[in-house]
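The values are calculated or read from the model by the stated rules, or taken from the named source; none is laboratory data. Since the model is a prediction, treat every value here as computed from it, not as a measurement. Positions of Cβ are backbone-derived with ideal geometry, glycine not excepted, and every protein chain shown enters the neighbour counts. All accessible areas refer to the heavy atoms of the entire protein, side chains included, with ligands and DNA or RNA removed. Shrake-Rupley method; radii C 1.70, N 1.55, O 1.52, S 1.80 Å.
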Number of protein chains: 2
Amino acid sequence: MQPERQRQLSTAEERRETVLRTAIGAFAARGYFGTTTTEVAKAAGISQAYVYRLFTDKEALFVAVVEHCFVRVRASLEAGAAGARGSSPEAVLSAMGDAYAHLISDKDLMLVQLHAQAATVSEPAVREAVRAGYARTVEYVRGASGGDDRQVQEFFAVGMLCHLVVSMDAGAVDAPWTRTLTAGIRHY
Amino acid sequence: MQPERQRQLSTAEERRETVLRTAIGAFAARGYFGTTTTEVAKAAGISQAYVYRLFTDKEALFVAVVEHCFVRVRASLEAGAAGARGSSPEAVLSAMGDAYAHLISDKDLMLVQLHAQAATVSEPAVREAVRAGYARTVEYVRGASGGDDRQVQEFFAVGMLCHLVVSMDAGAVDAPWTRTLTAGIRHY
DNA sequence: GTTGCATGTGAGTACTCAATCACTCACACT
DNA sequence: AGTGTGAGTGATTGAGTACTCACATGCAAC
């Protein structure tokens, strides 16, 4: 027998990544204030006490989750843009929008962004993370698409409208007003 | 002396209105989960116990606050539209946007809307209130402006972008990315 | 002025939450 | 086998939390 990987303990770094991944699902439903560290621990399959060995406190945990979300969003935009390199700004923005629509077909990622935006008001650390996340994302979208201010702004405005539609689950309501708001918004 | 109003006790209905008005400021900072009923009581100048005589529970209180916000938003849009009656859809939408910008120069109203949107995910009663609020608002904007689906959708997309900008306090950050996001967004 | 009812509160209850700590166990290395 | 270190947990704590209830007070009508 080879000395194949058989240990039952993970490294702290692996655990941290597991927590970041699974905590998205936990925070998605009830946000920063409404989600307990016990729920996060359960989602990651560890004890609540151990959460505090991996992250200094609940705020640091949430901030790490938010940063993780922004990284994933950017990765998805990059993948989308890669398929339309050299095209017109409109085409690149459309490809990015499409990639993003795929990314958030699982709603949790988007919901965490929404909750982070709300928590921003009272939690300075979260505000810094969200600002930094949008700063990088806006500049990336501008650079990769070559679009002007107007186009980039519209890209994010539509993204925000998307957040509204998803949070209300407007897709589940068939009415003129939901059709107006969701018109042309891709979802998979 | 006339029998002028001199009583020190309010009617329950008056108190309820006071609570709705002042609770906006309380909920604005930390949202549904993060705000305590004690804070709401303090803001209204009554005891925490009495909050529960005026509203059946915290959820009903928050829902009432959210509905109150939507009423105020609609009133402000109506006032804006009144000043541009008979003009082109673009002009009416612009007047509405201007009225809304004035309304939310005090950020609390907008922040409550944002927090309500977030709470929507896990609180069905809040979801219903938010859906009903947007349903009426979308139809009002459509009817009063005479704009088509595309214009109405953009009106709300810009509104959502506005929420993002205010929640992050992007106006306080002077950088290319904030200038891109806030370009053309009125604030007073 | 006393009766009846609505307004309003102080002092709780039962519970949950973030955070801590003493502790056990797994593993690599000698 | 022995030892040092990092992974991981059960039990607990102290500070809130939503919500309740017995009781007080204001006020109008008779």
(message) Return the Rg/Rh ratio of segment A:1-110 with Cα-based radii and a Kirkwood Rh.
(response) 1.12
(message) List the residues, sorted by chain then number, that are 5 or more residues from A:Gly146 or on another chain and whose placed amide H is less than 5 Å from its amide H.
(response) none
(request) Using R₀ = 45 Å, calculate the FRET efficiency as 1/(1 + (r/R₀)^6) where r is the Cβ-Cβ separation of A:Glu139 and B:Glu14; round to 0.05. (result) 0.30
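What FRET efficiency comes out for B:Tyr50 versus A:Lys58 if R0 is 45 angstrom and r is the Cβ-Cβ distance? Round to the nearest 0.05.
0.90
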(request) With all protein chains present, calculate the accessible area of B:Ile24 using a 1.4 Å probe and round the result to the nearest 10 Å². (result) 10 Å²
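Taking Cα pairs under 8 Å and at least six residues apart, what relative contact order does chain B come out at, in percent?
Working: 168 pairs, mean separation 38.9, N = 188.
With pairs under 8 Å counted, the relative contact order is 21 percent.
When only the heavy atoms of the protein chains count and the probe is 1.4 Å, how do B:Ser88, B:Ser167 rank by accessible area, highest first?
Values: B:Ser88 55, B:Ser167 5 Å².
Output order, biggest surface exposure first: B:Ser88, B:Ser167.
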(message) Ordered shortest first, which distances in nm separate the 7 Å Cα→C-beta label point of B:Asp57 from those of the other copies?
(response) 3.0
(message) I'd like the orientation of helix A:12-34 relative to chain A: the angle between its Cα long axis and the longest Cα principal axis, in ° from 0 to 90, rounded to 10.
(response) 60 degrees
(request) Report the far tail of the P(r) of the protein assembly as shown, meaning the percent of Cα-Cα pairs longer than 41 Å. (result) 17 percent
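Residues with beta-carbon under 14 Å from that of A:Gly146, excluding A:Gly146: net charge, scoring Lys, Arg +1 and Asp, Glu -1?
On the way: positive: A:Arg85, A:Arg142, A:Arg150; negative: A:Glu90, A:Glu139, A:Asp148, A:Asp149.
Residues near A:Gly146 contribute -1 overall.
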(request) Rounded to the nearest 100 Å², what's the accessible area chains A and B bury against each other, both chains counted, probe 1.4 Å? (result) 3700 Å²
(message) What's the whole-number percent of alpha carbon pairs in segment A:73-121 lying beyond 16 angstrom?
(response) 45 percent
(message) If you take every residue apart from A:Gly97 with its C-beta less than 12 Å away from the C-beta of A:Gly97, what net charge results, scoring Lys and Arg +1 and Asp and Glu -1?
(response) -2
(request) Calculate how steeply helix A:149-168 sits against the longest principal axis of the alpha-carbon atoms of chain A, using the helix alpha-carbon long axis, and give the answer as 0 to 90 degrees to the nearest 10. (result) 60 degrees
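Using a 1.4 Å probe on the protein chains only, how many percent of the accessible area of chain B belongs to carbon and sulfur? Write out the running numbers ahead of the final one.
On the way: 4670 of 8890 Å².
For chain B, the apolar C and S fraction of the accessible surface comes to 53 percent.
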(message) Using a Debye calculation, one point per C-alpha and no hydration shell, please list log10 I(q)/I(0) for segment B:89-160 at q = 0.17, 0.24 Å⁻¹ in order.
(response) -0.70, -1.14
(request) Assuming R0 = 30 Å, can you tell me the calculated FRET efficiency for the pair B:Arg179 and B:Arg74, based on Cβ-Cβ distance, to the nearest 0.05? (result) 0.45
(request) Could you pull the copy-to-copy label distances for B:Ala79, with points set 7 Å along Cα to Cβ, in nm to one decimal and sorted shortest first? (result) 4.8
(request) Relative to the longest principal axis of the C-alpha atoms of chain B, give the angle of the C-alpha long axis of helix B:108-119, reported between 0 and 90° and rounded to the nearest 10°. (result) 90 degrees
(request) List, in order, the whole-Hz ³J(HN,Hα) value for each residue of segment A:173-188 obtained from phi through the Karplus relation with A = 6.51, B = -1.76, C = 1.60 and θ = phi - 60°; use x for Gly and Pro. (result) 10, 9, 7, x, 5, 6, 5, 5, 5, 8, 3, x, 8, 6, 8, 10
(request) Enter the mean projected area of the convex hull around the alpha-carbon atoms of segment B:58-182, in nm², rounded to one decimal. (result) 8.1 nm²
(request) Between the label point of A:His187 and that of the same position in each other copy, find the distances and list them shortest first in nm, with every label point placed 7 Å from Cα along the Cα-to-C-beta direction. (result) 3.0
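Rounded to the nearest 500, what is the protein assembly as shown's calculated 222 nm mean residue ellipticity when only DSSP H runs of at least 4 contribute -39500 (n - 2.57) each, over all residues?
Values: 18 runs with 278 residues, N = 376.
So the helix-based figure for the protein assembly as shown works out to -24500 deg cm²/dmol.
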(message) Could you tell me the center-to-center distance, by alpha carbons, between segment B:8-36 and segment A:113-161 in angstrom?
(response) 32 Å
(message) Can you give me the accessible area per residue for the protein assembly as shown, using a 1.4 Å probe, in Å²?
(response) 47 Å²
